[in-house]
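Peer 1: Please see the structure below; I have some questions.
The values are calculated or read from the model by the stated rules, or taken from the named source; none is laboratory data. Since we're looking at a predicted model, the values are computed, not measured. Neighbour counts run over all protein chains shown; Cβ positions are idealised from the backbone, glycine included.
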Amino acid sequence: MSAFSSLFNTTEFLLIGHRGAAGLETENTLPSFQRAIDFDCAGIELDVQHGATAAIPWVIHDKTIDRTTNGHGRVKDLTDAEFSTLRCTNGATIPKLDEVLDLVAQQSQILNKSIGINVELKGPGTASAVAKILQNYPHLPVLVSSFDHSQLRQFRDIDQRTDVAPLFHRWQDDVNAIATGLAACCVNLSSRIVTRRRCEHVQQIGLPILAYTVNSKRAAKRLQEMGIAGVFTDRPDKFAVTNTKVI
């Protein structure tokens with residue numbers, strides 16, 4: 001089984017496409033993920049929710065479909081049939097999680113490289129559906145993250161092997177305890193709350209930190225100097241990354 005954590009050993013700085021290449025293509029669509037892969041990102045990040053039925057994790061960020069599609073309404077109220085008829089602002093469909101995983105698996109084979117996938121659980125009830133689907137992709141390096149740490153605990157109860165990471169938009173003094181309790185492989189922090197002292201604090205338990213959302217090389221370099229192991233970005237076209245630094 002390929003682990004997302006193995007990517008930290010292949011480069012000293014990871015560039016991960018946030019919702020694909022959200023600054024270049026409609027976020028969380030297959031064309032957006034393909035753009036991120038084309039810019040040689042080490043991985044992609046996506047959000048999953050489910051509608052009125054919990055069977056299918058759909059790849060969408062907002063609680064409503066209004067901003068990114070031609071429809072209106074709340075994600076949690078939509079049937080799977082209704083999801084399938086929607087079109088995003090670039091004409092693409094809202095993908096299912098397995099469709100994105102299939103794309104990454106295909107591109108990994110074509111490019112002969114491991115491409116990471118960070119699946120963010122959005123809302124209640126996503127942990128079990130995601131865990132079930134990931135069983136079919138044991139060779140992909142997947143990281144499951146969430147701001148809802150209870151969802152991560154539910155996921156960890158089902159799946160003890162896939163890498164996980166708690167997300168934080170505000171600093172908490174119990175970051176290390178939360179990460180340790182989840183057997184996390186890294187911690188994902190908002191770039192706004194990153195400081196050198198906080199990096200050192202997390203590194204006391206031997207975990208790397210990924211920061212979101214970073215769209216300039218200058219900001220990425222500053223974060224790297226503080227100890228950040230990689231960033232999520234909407235604009236992978238603005239970066240060139242070697243195996244040691246951002247250039």
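Peer 1: Of all residues in the stretch 5-32, how many are among the hydroxyl-bearing types (Ser, Thr, Tyr), buried (at least 24 other Cβ atoms within 10 Å of the Cβ) and assigned to a loop (DSSP other than H, G, I, E, B)?
Peer 2: Final tally of qualifying residues: 1.
Listed here are the residues, each with its yes/no results for (1) more than 18 Å from Ala3 (Cα to Cα); (2) surrounded by fewer than 17 Cβ atoms within 10 Å (Cβ to Cβ).
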site: Gly123; (1), (2): yes, yes
site: Asn136; (1), (2): no, yes
site: Leu143; (1), (2): no, no
site: Arg156; (1), (2): no, no
site: Asp159; (1), (2): no, no
site: Asp163; (1), (2): no, no
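Peer 1: Next question, about the same structure. So, restricting to helices (runs of 4 or more DSSP H) that lie completely within the stretch 174-231, which ones have at least 3 residues that are small (Gly, Ala, Ser) and out of contact with any Cys (no Cβ under 7 Å at 6 or more places or on another chain)?
Peer 2: Answer list for the stretch 174-231: 175-181.
Quick grid of which residues meet (1) at pLDDT below 95; (2) more than 20 Å from Gly123 (Cα to Cα); (3) touching a Leu at 6+ places or on another chain (Cβ under 6 Å):
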| position | (1), (2), (3) |
| --- | --- |
| Asp148 | no, no, no |
| Gln151 | no, no, yes |
| Arg156 | no, no, yes |
| Asp163 | no, no, yes |
| Asp174 | no, yes, no |
| Gly181 | no, yes, no |
| Leu189 | no, no, no |
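Peer 1: Then there's this: Go through the residues of the stretch 46-67 one by one and say whether even a single one is basic (Lys, Arg) and in contact with an Asp or Glu (Cβ under 6 Å, 6 or more places away or on another chain).
Peer 2: no
Peer 1: Would you point out the residue of the stretch 93-141, among those that are touching an Asp or Glu at 6+ places or on another chain (Cβ under 8 Å) and assigned to a helix (DSSP H, G or I), that is nearest to Gln160 (Cα to Cα)?
Peer 2: Restricting to residues being touching an Asp or Glu at 6+ places or on another chain (Cβ under 8 Å) and assigned to a helix (DSSP H, G or I), the top hit is Ala131.
Peer 1: Same structure, new question: What's the total number of residues in the stretch 1-28 that are within 15 Å of Leu223 (Cβ to Cβ), at pLDDT 95 or above and over 12 Å from the mean Cα position of the chain (by Cα)?
Peer 2: Residues meeting the conditions: 1.
Quick grid of which residues meet (1) surrounded by 16 or more Cβ atoms within 10 Å (Cβ to Cβ); (2) of a type in the set (S, T, N, Q):
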{"position": "Ala3", "(1), (2)": "yes, no"}
{"position": "Gly43", "(1), (2)": "yes, no"}
{"position": "Gln49", "(1), (2)": "yes, yes"}
{"position": "Thr53", "(1), (2)": "no, yes"}
{"position": "Ile56", "(1), (2)": "yes, no"}
{"position": "Thr64", "(1), (2)": "yes, yes"}
{"position": "Cys88", "(1), (2)": "yes, no"}
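Peer 1: Right, next: For the stretch 64-91, which positions are touching a helix residue (DSSP H, G or I) at 6+ places or on another chain (Cβ under 7 Å) and in contact (Cβ under 8 Å) with a residue 40 or more places away in the chain?
Peer 2: Asn90
Peer 1: Condition test on Ala229, is it touching a strand residue (DSSP E or B) at 6+ places or on another chain (Cβ under 9 Å) and not polar (S, T, N, Q)?
Peer 2: Judged against the criteria, Ala229 is a match.
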